[in-house]
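Q: My structure is below; once you've seen it, I'll send some questions.
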Amino acid sequence: MSTKPTVAMRGISKSFGSIRALNEVDFEAWRGEIQAIVGENGAGKTTLMNILYGVISPDQGSVLIDDKPVHFHSSSAAVANGIGMVSQHYGIIPGLTCLQNLILGSEPGFWLQSDQLQDRAEDLSSKMGFQFQWQDNAEKLSPAMAQKLEILKLLWKNSKVMILDEPTALLSPADGDALFTSLKDLANEGATIILVTHKISEVLDHCQHVTVLRGGQKIHAGETAGLTQSSLIQWIVGESLSEKPTKDCQDDKSEVLLQLNGIKVRRDRGDFALDGVDFTVRSGEVVGIAGVDGNGQKELLEAIAGLRPIEAGSLEIFGRSGMNYPTADRLQNGLRIIAEDRLKEAIIEQWNLEQNFLLGFSQMPDLNSRGWINRKVAKHEAESAAHKFSTQYANLNQTLGSLSGGNQQRFVNGRAFALNPKLVLAFQPARGLDFKATAQVYEQFRTLAKQSKASVLVISYDLDELLENCDRVVVAFDRQLILPPKEDELNRSALGKLMVSGLK
Amino acid sequence: MKRIPAIVLLAVVCLLLLYGFLAFTQLSVASAMSDLIHGSLGGSSQISQTFQHATPLLVAAVAVFVALRAGLFNIGVEGQFVIGALATGFIGTKLSGGLGMTVAIFGGAAMGALWSFPAGWIKAYKGGHEVITTIMLNSVAGYIAVGLASGPIKQAGQESPQTAKILATMPSIPMGGLSISWATLIAFFLPLLAGFWFSRSVKGFETDATGANIHAARQAGINTKRVIVRTMVVSGAIAGLAGALQVVAYSHRFYPDISSGTGFDALGVALLAGSYSWVLIPAAFAFGMLYQASPLLQIDGLPKGIVDILLAIMIIVGAAIRFRRLKALG
C-alpha cells in the first residue's frame, strides 16, 4: 500500500431538502487495491460515490485526487480525470451494437474505423476474460453481460479509479469470481477500485479496505484483514440480526399450484429458452430457481404468468389449464409478479405510490367496482404495501421515481403481498436491498407460505441467498430445469456444479 | 406540479416574442392587444364567432389528448374529422328532425372511429407506427371527400363540390344577443369527462398505464394490444364527433375543405394542455381568439403569418416541455 491515497474525500456533507444524506464523511482509496463501501439502503453510499463522480456537488468538504483538490461539476470532468462509474442502472442503449455501446461517449475521432475499434475491444475483453459478439445488437445482452460491457466501457475510457455499484448483483458465483479475478488484475496494474456492495463475503474475500456508512455517517474505515462477518454486520446494521426461522419439511400431499409438463418456450430471438421443462410447485413451499443468467429464467416466469406463449407441453396453474387463461385472470386468482427489471417492468416512475400500487390489481373485485376504481381501498392497500417492508416515503402522492432504488424495491415487494396472494413469482426480489431488508423479505415469504398455504417461486442469481431462505432449490441450466436429488436440494456444491455443468 | 410555472414562463416568452415581432410592424403592442381583444371578444358577434372557432377545435383536441394518454400520437384526427363530417353531412341530407340530427352525429362519430381503427389495429398487432398510418389515412380521407362531394353526393345543380344543406341543424343556446351553439356546451363538457374517466375508471387507468410504460402494463395483466385499438377507436370517434358538430352546428353541409386544418391545430392544443384535460378548454379558446382576431390584425398591418408563427412557437415550446419529461423515461 502506498502511503498517500489516490482518492481522498474529507468532511463531505450533503443534504437533500431536510434529509441529511451525508454528514462529514471521510473516505480514502488507494492505488492497487479494491476497497469496499458498505451500508444499508439509504446509508449514503450512492450519494458519496455520485459526489466523487461529479454527478452532485457536496455542500461541504473537499475531494482530492492524488493529493490535488478537485471540483468536478459534471461527470465528464470526472471521466477526464480518470474516474469511471458503473451504476446500478446500466447505461446500455438497445438498438446499438455492443461495439457502439462500448465506445459511446468516447469515440476516438470523427470517423470510426470499425476494424481498429473492434481489435481494441477484443483486446480489452480478452484481458478481462469476457466474450462479446461485437456486432450484435446490445438489446439482447443479459443483465450480466450488460454489466460486463459497462466495466469494459470504463477500461475503454482509461479510467484509473473505477467505481462499481453492486457489480455482482446479477452474476452467477462463477461469473462473480471471474469478475473479481479480473478486478484484482486491474488493481495490480495500478487501478483504484471502489466497490459498493451489500455482500459481506465479497468485502472479506476480495477487498483490502472497507468503509462502513450508516445513516449518512462514517462508522468504520480500515483494513479488512482480521475483520469478522459479525463485526461488520454489527457496524452496518447497528444491531445484530435475529436468527432465521427453521425450515419445514415439505408435505408431498399438499395442493399442486403449478404444474409444468414438458413445456417449450421461445426466446424473443426465436430459439428455445425452455425445451421440455417439467416442474411442480405445491402450496406452502418456497422454491428457489438458481442458475446463471440467461438460462431461461425470464422466459419461465413469463410463461407461468401467461405473458409468453407456450409452444408445446402443458401448464396448469391454480388447477386450470394455461390455455385461454389471460394474465389478468391469473393475477385475480392470486398470482403476483415481482419483475426482474424494476424500472422497465414493475413500476411507472412518474406515477405516485397509489397509482403504482394499482398495477396488477386493476381488475380485482376489491378495487374495481363496476369499472370505477375504488380509491378508498386503493389508498389503504397502497399504504399497507408500503409499510410491509418499511418503504421510506413522504406521502402516497409522491412519485415512485423520487424514491431510492432500494425503497422502490421494498414497495414492489410489498405490493406482491397485497390482496391474498397464492403464488408469488419473485425475480431477484432482493436486488438493491441490504441484508436486513433481504432477510425481512424472505421471512415474509416463508410466513406467507406457512400461514396462507401460498407458495413462492424465487428466481435469483445469488445461490447463497436461495440456499439460506428456500425450502428447496432447482437449477435452470441449458433450457432445462434440473431438479437435484432430494438430499442435495440445499447442497451448495452440488447445486453449484449443476449451475455450471448441468451434471448431478 | 411543475407544469403550471412552465406554462406561465411559456406565456411570458410568447409575449416577449410578440413584442419583438411587433417592432417590425406599424402596430404598437397596445393596439395589437386591443385588436386581439376587440376582434375576438369585442361584441356579441365576435364572441359568438370565437366560440364557433374554438368548439370543433376543442373536441378534436380531446381526440388527440385521449390518444396521447395511451402513448399514441394520432396525427389522423384531421382525416377522422373529415370522414365524420362527410358521414354527418350525407345522413343529414336524408333525415330530418332532432332524431335525424342525432343519428347523423352518431353516424359521424362512428365513421371517425372506423377510420381510425386500421391505425390502431396495425399498431397493436403488426407494429406499424400510428403516425405513418394515420398520415396515409388522412390523404385517403381527403381524396374520398373530394371524390364524393364532387360527384355522388354533390348537391344537384351546384358548381362547387358540396352536399345539399342538411335538414336539421343544431340550435343555439338562447343567451341574449350571443349565438352560442349547444355544440359548444358538448365541447366544454368533453375534457372534463375525459379527465374524470382517466383518473377514476379502470379502463382509463389501464390506458394511462399502457401509455406510461407498456412493459409494466403488460406485467400488470393489462391487454395492451386491446387498449391500443380501443383508445385509437375512441380517439377517432371523438374526432368524427368534432367533424359532425362542425356540420350540424356551423357549416350545415359538407364540403371537402370543411376542416381547414382543425385536426392539425388540435395537435397543438393538446400538446399545450399536456396531461391536464381541463387546460384543453383555455388552450382551444385562445386558439379560437387568435383565429377570430386575425383578420382585424391583418387590416391593421400585422401579417397573418405572424399569428401562425406565434402559434407554432407556443406549440413547439409546449411540446418541448412535455417531452422533456418523457425523455427521462427512455
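Read-outs: derived from the displayed coordinates by stated rules, not from any lab. Since the structure is predicted, the reported quantities are computational estimates derived from the model, not experimental observations. Counting neighbours? That spans all protein chains shown, and the Cβs are built from the backbone with ideal geometry, glycine included.
Q: Going down the list A:LYS264/A:LYS344; A:LYS148/A:LYS497; A:LYS153/B:LYS126, which pairs span over 28 Å between their C-alpha atoms?
A: Checking Cα-Cα distances, A:LYS153/B:LYS126 exceed 28 Å.
Q: May I pose another question? Over chain A, what is the relative contact order in percent, taking alpha-carbon pairs closer than 8 angstrom and at least six residues apart?
A: In percent, rounded to a whole number, it is 15.
Q: Follow-up. Under the rule of at least 5 residues apart or a separate chain, name every residue whose amide H is placed under 5 Å from the amide H of B:SER181.
A: Placed amide hydrogens put B:ILE173 under 5 Å from B:SER181.
Q: Now, a different point. Going by Cα centres, segment B:279-293 and segment B:174-200 are how many Å apart?
A: If you average the Cα positions of each part, the centres end up 14 Å apart.
Q: Turning to a different aspect of this structure: Considering amide H positions built from the backbone, and no H for Pro or chain starts, which residues 5 or more places from A:ARG214, or on another chain, come under 5 Å of its amide H?
A: A:ILE219
Q: Sequence gap at least 6, Cα distance under 8 Å: using those rules, report the relative contact order of segment A:1-147 to the nearest whole percent.
A: In percent, rounded to a whole number, it is 20.
Q: My understanding is that a pair violates if its Cα-Cα distance is over 25 Å; which of A:LYS140/B:LYS123; A:LYS453/B:LYS225; A:LYS14/A:LYS184 do that in this structure?
A: Pairs exceeding 25 Å: A:LYS453/B:LYS225; A:LYS14/A:LYS184.
Q: Same structure, new question: Assuming 0.36 nm per residue, please report the length gained on full extension of the stretch A:LYS497 to A:GLN234 beyond their Cα-Cα distance.
A: Working it through step by step, the gained length comes to 91.4 nm.
Q: Sorted by mean Cβ packing within 10 Å, highest first, what order do the peptides A:95-104, B:52-61 take?
A: In descending order of packing, they fall as B:52-61, A:95-104.
Q: When A:LEU164, A:LEU152, B:LEU280 are ordered from fewest to most other Cβ atoms inside 10 Å of their Cβ, what list results?
A: Least to most surrounded, the residues fall as A:LEU152, A:LEU164, B:LEU280.
Q: Taking θ = phi - 60°, what integer Hz values does the Karplus form 6.51 cos²θ - 1.76 cosθ + 1.60 yield along segment B:260-270, in sequence order, with x for Gly and Pro?
A: 3J(HN,Hα) across segment B:260-270, in whole Hz: 6, x, 3, x, 7, 4, 4, 4, x, 4, 5.
Q: Pop a pseudo-label 7 angstrom from the Cα along the beta-carbon direction at both B:ILE309 and A:ALA178 and give the gap in nm to one decimal.
A: With each label placed 7 Å out from Cα toward Cβ, I get 6.2 nm.
Q: How big is the C-alpha Rg of segment A:335-419 next to the rule-of-thumb value 2.2 N^0.38 Å, as a ratio?
A: 0.99
Q: First measure r as the distance between the Cβ atoms of A:GLN135 and A:GLU311, then evaluate 1/(1 + (r/R0)^6) with R0 = 25 Å and state the FRET efficiency to the nearest 0.05.
A: Here the calculated transfer efficiency is 0.30.
Q: Would you list, by chain and number, the aspartates and glutamates whose Cα falls below 14 Å from the Cα of A:LYS376, excluding same-chain residues fewer than 8 positions away?
A: Candidates past the 8-residue exclusion: A:GLU354, A:ASP366.
Q: So for the protein assembly as shown, taking the charge dipole from beta-carbon charges (+1 Lys/Arg, -1 Asp/Glu), which of A:PHE389, B:GLY274, B:ALA220 sits furthest toward the positive end?
A: Projecting each Cα onto the dipole axis, the largest value belongs to B:GLY274.
Q: Would you calculate the separation in nanometres between label points at A:VAL377 and A:ALA80, each defined as 7 Å from the Cα along the Cα-to-beta-carbon direction?
A: Placing both labels 7 Å along Cα→Cβ, they lie 5.8 nm apart.
Q: Would you mind computing, in nm to one decimal, how far apart the modelled labels at A:GLN451 and A:TRP111 are, each placed 7 Å from Cα along Cα→Cβ?
A: For the pair A:GLN451/A:TRP111, the computed spacing is 7.0 nm.
Q: Next up: How big is the gap, in Å, between the Cα center of segment A:351-395 and the Cα center of segment A:64-139?
A: 41
Q: Same structure, new question: Identify, among A:ALA273, A:LEU300, A:LEU358, the residue whose Cα sits farthest towards the positive end of the charge dipole of segment A:270-363, taking +1 on the Cβ of Lys and Arg and -1 on the Cβ of Asp and Glu, with the dipole about the Cα centre.
A: Of the options given, the answer is A:LEU358.
Q: Using the Karplus curve 6.51 cos²θ - 1.76 cosθ + 1.60 with θ = phi - 60°, work out ³J(HN,Hα) for each residue of segment B:98-111 in order, rounded to whole Hz, and write x for Gly and Pro.
A: Values, residue by residue: x, 5, x, 5, 4, 4, 4, 5, 5, x, x, 5, 5, 5 Hz.
Q: While we're looking at this one, here's another question. How large is the dipole of the protein assembly as shown about the Cα centre if only Lys and Arg carry +1 and Asp and Glu carry -1, each at its Cβ, rounded to the nearest 20 debye?
A: 2220
Q: Amide H of A:ILE337: which non-local residues (sequence gap of 5 or more, or other chain) have their own amide H closer than 5 Å, using H built in the peptide plane?
A: Amide H to amide H, under 5 Å and 5 or more residues apart or across chains, A:ILE337 pairs with A:LEU425.
Q: Compute the length gained on full extension between A:ILE19 and A:ASP185: take 0.36 nm times their separation in residues and subtract their Cα-Cα distance, giving the result in nm to one decimal.
A: 55.8 nm
Q: Also, quick follow-up: Based on the Cβ-Cβ distance of A:GLU28 and A:SER254, what FRET efficiency does E = 1/(1 + (r/R0)^6) give at R0 = 60 Å, to the nearest 0.05?
A: Computed FRET efficiency for A:GLU28 and A:SER254 comes out at 0.65.
Q: Here's something else I'd like to know. Using a 10 Å cut-off around each Cβ, can you sort A:SER62, B:SER294 from fewest to most neighbouring Cβ atoms?
A: Final ranking by Cβ density, sparse to dense: A:SER62, B:SER294.
Q: Follow-up question, since we're still on this one. If you add up the charges near B:GLY76, with Lys and Arg at +1 and Asp and Glu at -1, over every other residue whose beta carbon is less than 15 angstrom from its beta carbon, what do you get?
A: -2
Q: Report ³J(HN,Hα) in whole Hz for each residue of segment B:310-315, in order, from the Karplus equation J = 6.51 cos²θ - 1.76 cosθ + 1.60 where θ = phi - 60°; Gly and Pro get x.
A: Computed from phi, the couplings for segment B:310-315 are 4, 4, 4, 5, 4, 5 Hz.
Q: When you have a sec, figure out the Kirkwood radius of segment A:408-478 from all distinct Cα pair distances and drop it here in Å to one decimal?
A: Kirkwood radius, segment A:408-478: 12.5 Å.
Q: Suppose R0 equals 45 Å; then what is the FRET efficiency for B:VAL29 and A:HIS220 from their Cβ-Cβ distance, rounded to the nearest 0.05?
A: 0.10
Q: Highest first, please rank the peptides B:167-174, A:53-60, B:232-239 by the mean number of other Cβ atoms sitting within 10 Å of their residues.
A: B:232-239, A:53-60, B:167-174
Q: Right, another one. Just name one of B:GLY236, B:ILE135, B:HIS252: the one whose Cα is farthest towards the positive end of the charge dipole of segment B:130-252 (beta-carbon charges, Lys/Arg +1, Asp/Glu -1).
A: B:GLY236
Q: Taking 0.36 nm per intervening residue step and subtracting the Cα-Cα distance, what contour gain separates A:LYS504 from A:THR399 on full extension?
A: The span from A:LYS504 to A:THR399 would gain 33.0 nm if fully extended.
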